[in-house]
Amino acid sequence: MSFTLQAIAERLGGVLDGDGGLVITGVSGLQDARPGDLSFVTDARYEKLIEETRASALLVGKEFGACRLPVIRCAQPEIALEVLAECFRPARAEPSGQVDAAAQVAASARLGAAVTVMPFAFVGDAAEIGDRSVLFPGVYVGAHAAIGADCVLHPNVVVLDRVRIGARVVIHAGSVLGADGFGYRPVPEGLCKIEHIGTVEVEDDVEIGACVAIDRARFGRTLIGRGAKIDNLVQVAHNVRVGRGTAIAAQTGVSGSTTIGDACMIGGQAGIVGHIRIGDRTLVAARAGVSKDVKEGSILYGYHARQHLDKKREDAALRRLPKLLERVRELEARVRALEAARKADGESPAD
Amino acid sequence: MSFTLQAIAERLGGVLDGDGGLVITGVSGLQDARPGDLSFVTDARYEKLIEETRASALLVGKEFGACRLPVIRCAQPEIALEVLAECFRPARAEPSGQVDAAAQVAASARLGAAVTVMPFAFVGDAAEIGDRSVLFPGVYVGAHAAIGADCVLHPNVVVLDRVRIGARVVIHAGSVLGADGFGYRPVPEGLCKIEHIGTVEVEDDVEIGACVAIDRARFGRTLIGRGAKIDNLVQVAHNVRVGRGTAIAAQTGVSGSTTIGDACMIGGQAGIVGHIRIGDRTLVAARAGVSKDVKEGSILYGYHARQHLDKKREDAALRRLPKLLERVRELEARVRALEAARKADGESPAD
Amino acid sequence: MSFTLQAIAERLGGVLDGDGGLVITGVSGLQDARPGDLSFVTDARYEKLIEETRASALLVGKEFGACRLPVIRCAQPEIALEVLAECFRPARAEPSGQVDAAAQVAASARLGAAVTVMPFAFVGDAAEIGDRSVLFPGVYVGAHAAIGADCVLHPNVVVLDRVRIGARVVIHAGSVLGADGFGYRPVPEGLCKIEHIGTVEVEDDVEIGACVAIDRARFGRTLIGRGAKIDNLVQVAHNVRVGRGTAIAAQTGVSGSTTIGDACMIGGQAGIVGHIRIGDRTLVAARAGVSKDVKEGSILYGYHARQHLDKKREDAALRRLPKLLERVRELEARVRALEAARKADGESPAD
């Protein structure tokens, strides 16, 4: 793939400053770029890398200053980057729209039109796969599970019995939907398994990362709302509800029966206890621990997550703590001196 | 599946208050319930949801008050729920008890009676699989590994060479038992791999979640004790011992050579350093970090986990810290004033 | 396998103290050892286990004292252990060097000499696999991906399209390289996927644990430097660079576009935010949270990771906080008393 810089500037609706005849053959970050690459500066932190980059040209914002390299100035460089990604996206093989001879599909399964089932994928009894959906090698779809239209299940994804997946859902490799919830009752002999007869339901337009675990409900369903996005290695326990358009970053865990509202942003490695309710549009910082109900629009962070401002104040105080100890020690000495002096006054009648 | 409310009340040994002829077709939480469902209130937190539920009837505790819906009152609603789960459990296909033609089982492997090996499962040289055990698609059992009787290995589970699994063990999808421990010696050229020639041993009645990693020992074995329960995405490093009947919640990590006692409860996202010993019946809170030996019966929580009560006290103090800073600042001013006054007294001979 | 103690002592270059004719049949830790086993004491913490061990002999350091068991004294017991591991390593089957009939390799893929592709492994269009590399069952290698020579991809590893892997790379079971980075743009309708057209590049001599997720770059590449070692369940986001010889322990997460230097040691469950730069030879403690650029040679720990010594000081202060509150309360009372006395002095003209 190659385009002239002029052609790219036109495609992006940007203003070209430099040689429009330059031939661009790829897109890359400043550090990795090679001659022929168009690179980009969308974050001031990276400006210092411009000196060393081997890129042939740069995509920059409107207000970007002069530069030793040809630049394309765009009002919205982030969106221009998306257009660039489309231009330079490597061709992908079209799905075959067929069931490979080395796949195993139960006779009672119902497949829509142009479904692709690749080798070593398995589709169980009475499962349904919607039109044009693609099952990569090693995918397992359990009995009575239902996958909507235009879904992509990447290699080795496991969708267990009776799990329901909407349309246009993408699940990355190695994720598991519908394993039993983690529940045991203590009995004299040890731990007795609590049966989980519910299921998982994933609404339309959800994307789920790699190596994610979403457990089935005890009764009813664990629910991933329409348009939610879940990153790699996330744990979603039984009976959790993730709201519509909510994003959960990598390695976060959500314990059983918790409800997360719509349009929330949950950072990476956060932990959310069970049986709570997080209001819509809440922001949970990376690594925050949330243990109580949270009203909509909250901003939480910290090991014991609290509202952003309280926590900031406390953290600032914490950093002054060693000094505070010294100040108190000094105060004690001074008060002691004052008391001693006072006592001395009393004892030696100065007056 | 459907039962009259009367039949269910009898089955649960509960007291019916309402129309016993009502036909119940499912069980669900208050929020998800549809007409025909029996729902349940086992936690006072959820009582406020009763007004809005579409459930047709409720399972409640003995002391539960009046209600707009028919109710079944039970002395132990949690156990009644287990009985309900059994009544309404969807039928599961019986395992075939056979090796599928699309599976691959080494000629030297020894399979017990009625073992089910599903398509694309692989059983290595001299591996043993006990009676009635089920290997789902994509399961890998390495050479000389041994799986006991009545085990279930869900799709894409990997049990590597020489790993030993007891009877009635369930391993959920995507988990890996017996990868090499993470050990390297620094040498001038970089990091030199430390060989791990030991194995993993899992005793009877263990359940292991999805996407769990349990590494093999350097020498000897990593041991998961009888009846232990391990949740999704947990890391168990080389040479760890998990005690009998111990439960470990999701995303927790246990570093190398640590011993966890019997009947412990470890919360989610906890971290336990290597080479320590945690006594029996210890409770470790979610997200706690444990870095020292702990005697039996301990209750630990916090980023630097300490005994529960100490930690509670410290956390309470922490919340007062910003205020404390102000108090000390004020004290300093007052002491300064006292000192100045005193000095003035000394200088201007008032007497 | 069995050797006399004498033979082992010679092989290890150690000094034998005891019956050289003793036959040793295995190596094990003190707790697990059985008669016939050689055990070892390389850490003083474990000395107390010697009394109870059933081992027949011990490998110890030069300075180790008298002992009830035969011992071999070695100057470098850690290295002697490596030699022992080699002696007692169970035989492993040689890879077949062939493509199994139950594997699926695209006609356009290029395989080097003596490549082993086991059953149910899949190699996509135009993929390359280097000489002598081994693909275990369930491995997926995407289109145009390239694997170097002498690599081992354990069962169910997924290497997606265009990912490039160097020579002598080991990837443990269930890991996923090249899933899309987690990036969305908020738009009025919800979250719009940001395309990730870059790739992952893994240099020579890297080892990657089980259930690891390494995402592909938006543009360019996510890079794992030569000789880096990554433990189980680690998350490496899009466009991250991990330096040469750097080790990252289990369950750590590295957010997008961060650069980690060479020869760093990152503990388990650490979290590193996006877009920062961690200098060479930095040590990050287990569970530390790193949110800022860090210069080379740093030692970081804590929830808000800071330099080791500052943090130690702050933690010590934190433990005194409850007591500090009491001291301030007491100081306040004493200052109040002093002020009252002073006021009384002023009111009752004592002079």
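Here's the picture: a label point sits 7 Å out from the Cα of C:ASP345 along the beta-carbon direction, and within region B:315-349 the residues with their amide nitrogen under 19 Å of it are B:332-349. Placing +1 on the Cβ of every Lys and Arg and -1 on the Cβ of every Asp and Glu, with nothing else charged, gives the protein assembly as shown a dipole about its Cα centre of roughly 2080 debye.
Extending 7 Å from the Cα toward the beta-carbon at both A:ALA337 and A:ALA75 defines two label points whose distance is 6.8 nm. Of C:CYS87, C:ALA44, C:LEU324, which is farthest towards the positive pole of chain C's charge dipole, taken about the Cα centre with +1 and -1 on the beta-carbons of Lys, Arg and Asp, Glu respectively? Going by the charge dipole, the pick is C:LEU324.
With contacts taken as Cα pairs under 8 Å and at least 6 residues apart, chain A reaches a relative contact order of 6 percent. With a cut-off of 15 Å between beta carbons, the residues surrounding A:ILE214 carry a summed charge of -1, where Lys and Arg count +1 and Asp and Glu -1. Taking Cβ atoms as reference points and 14 Å as the exclusive limit, the residues near C:CYS74 contribute a net charge of -2, counting Lys and Arg as +1 and Asp and Glu as -1. Legend: mean number of C-beta atoms from other chains within 10 angstrom of residue C-beta atoms, peptide C:20-29, equals 2.
Amide H contacts of A:ARG54: A:ALA33, each under 5 Å away and 5 or more positions distant or on a separate chain (H built 1.01 Å from N in the peptide plane; Pro and chain starts excluded).
Using the Cα centre of region C:221-338 as the reference point, and only Cβ charges (+1 on K/R, -1 on D/E), how large is the resulting charge dipole? Debye, rounded to the nearest 20. Intermediate values should be presented prior to the final figure.
Numbers: 21 positive and 11 negative charges, 44 e Å.
Once rounded to the nearest 20, the dipole reads 220 debye.
Placing +1 on the Cβ of every Lys and Arg and -1 on the Cβ of every Asp and Glu, with no other charges, gives chain B a dipole of roughly 840 debye about its Cα centre.
Sorted from nearest, the other copies put their A:ARG54 label points 6.2, 6.2 nm away, the label point being 7 Å from Cα in the direction of Cβ.
At a Förster distance of 30 Å, what's the computed FRET efficiency of C:SER96 paired with C:THR4, Cβ-Cβ distance as r, to 0.05?
Working: r = 36 Å, r/R0 = 1.19.
It comes to 0.25.
Taking a ≥ b ≥ c as the square roots of the Cα gyration tensor eigenvalues, chain B comes out oblate, since a/c reaches at least 1.5 and a/b does not exceed b/c.
Under 21 Å of direct C-alpha separation, and excluding same-chain neighbours fewer than eight residues apart, A:LYS62 reaches these lysines: A:LYS48. Across the options C:PHE136, C:GLY148, C:PRO77, the greatest Cα extent toward the positive end of the charge dipole of region C:52-168 (unit charges at beta carbon of Lys, Arg, Asp, Glu) belongs to C:PRO77. Computing FRET efficiency as 1/(1 + (r/R0)^6) for A:CYS67 and C:THR42, where r is the C-beta to C-beta distance and R0 is 60 Å, gives about 0.55. Along region C:323-338 the Karplus relation, 6.51 cos²θ - 1.76 cosθ + 1.60 evaluated at θ = phi - 60°, assigns HN-Hα couplings of 5, 4, 4, 5, 5, 5, 4, 5, 4, 4, 5, 5, 5, 4, 5, 4 Hz to successive residues, with x for each Gly and Pro.
Take each residue of peptide C:186-198, count the partner chain Cβ atoms within 10 Å of its Cβ, and average: the result is 5.
Of the peptides B:150-156, A:85-91, the ranking by mean beta-carbon count within 10 Å, highest at the top, reads B:150-156, A:85-91. Converting phi to 3J(HN,Hα) with the Karplus coefficients 6.51, -1.76 and 1.60 and the offset θ = phi - 60°, region A:50-65 yields 4, 4, 9, 5, 9, 4, 8, 7, 10, 9, 9, x, 4, 8, 5, x Hz in sequence order, with x at every glycine or proline. A simple spin-label model places the labels of A:LYS312 and A:GLU326 2.7 nm from each other, with each point 7 Å out along Cα-to-Cβ.
Go ahead and collect, in residue order, the members of region A:226-245 whose backbone nitrogen is under 20 Å from a label point 7 Å along the Cα-Cβ direction of C:VAL187. Within reach of a label on C:VAL187, which here means backbone N under 20 Å from a point 7 Å along Cα→Cβ, region A:226-245 contributes A:226-231, A:244-245.
A straight line joining the Cα centroids of region C:271-298 and region B:266-289 runs 25 Å.
With a/c under 1.5 counting as rounded, go ahead and sort the protein assembly as shown into rounded, prolate or oblate using the C-alpha gyration tensor (a ≥ b ≥ c being the square roots of the eigenvalues; past the cut-off, prolate if a/b is larger than b/c, else oblate). Could the numbers behind the result be given before it?
Values: a/c = 1.31, a/b = 1.31, b/c = 1.00.
Rounded is the answer for the protein assembly as shown, as its axis ratio a/c remains below 1.5.
For the residue pairs A:LYS295/C:LYS193; A:LYS323/B:LYS323; B:LYS343/C:LYS343, alpha carbon separations beyond 18 Å are given by A:LYS295/C:LYS193. Amide H contacts of B:ILE147: B:GLU128, B:ILE129, B:GLY130, B:ILE165, each under 5 Å away and 5 or more positions distant or on a separate chain (H built 1.01 Å from N in the peptide plane; Pro and chain starts excluded). Applying the Karplus relation 6.51 cos²θ - 1.76 cosθ + 1.60 with θ = phi - 60° to region A:173-187 yields 3J(HN,Hα) values of 4, x, 7, 10, 10, x, 5, 5, x, 8, x, 9, 9, x, 10 Hz, where x marks Gly and Pro.
Please compute the net charge surrounding B:GLY271, taking Lys and Arg as +1 and Asp and Glu as -1 over other residues with Cβ under 15 Å from its Cβ. Walk me through the intermediate numbers first.
On the way: positive: A:ARG287, B:ARG287, B:LYS292, B:ARG306, C:ARG287; negative: B:ASP231, C:ASP231.
That works out to +3.
With neighbours defined as other Cβ atoms within 10 Å of a residue's Cβ, the residues A:SER257, B:SER298 order from fewest to most as B:SER298, A:SER257. Here the peptides B:47-58, B:333-344, A:223-234 are ranked by packing, the mean other Cβ count within 10 Å, and the order with the highest first is A:223-234, B:47-58, B:333-344. Modelled spin-label separation between B:ASP125 and C:SER291, with each label point placed 7 Å from Cα along the Cα-to-Cβ direction: 5.4 nm. Residues whose amide H comes within less than 5 Å of that of C:ALA179, counting only those at least five positions distant or on another chain, are C:ILE214, C:ARG216 (H built at 1.01 Å from N in the peptide plane).
In region B:104-307, Cα pairs under 8 Å separated by at least six residues give a relative contact order of 10 percent.
Fewest neighbouring Cβ atoms within 10 Å first, the residues A:VAL176, C:VAL200 line up as C:VAL200, A:VAL176. Farthest towards the positive end of the charge dipole of the protein assembly as shown, among the residues C:GLY220, B:HIS304, B:THR199, is the Cα of B:HIS304, using unit charges on the Cβ of Lys, Arg, Asp and Glu. Okay, which of region B:146-174 sit inside 13 Å, backbone N to the point 7 Å along the Cα-Cβ direction of B:ALA113? The answer is B:150.
Let me know the mean shielding of A:282-291 by other chains, meaning the per-residue number of their Cβ atoms within 10 Å of its Cβ. Let's see the in-between values first.
Values: counts 0, 0, 0, 1, 8, 12, 0, 5, 0, 2.
Going residue by residue through A:282-291 and averaging, the value is 3.
Between copies, A:CYS192 shows label-point distances of 5.5, 5.5 nm, shortest first, with the point placed 7 angstrom from Cα along Cα to C-beta.
Each value in this text was obtained by applying a stated rule to the coordinates, not by laboratory testing. If you're wondering where the values come from, they're calculated on a predicted model, not measured in any experiment. All Cβ positions, even for glycine, are placed from backbone atoms using ideal geometry, and neighbour counts span all protein chains on display.
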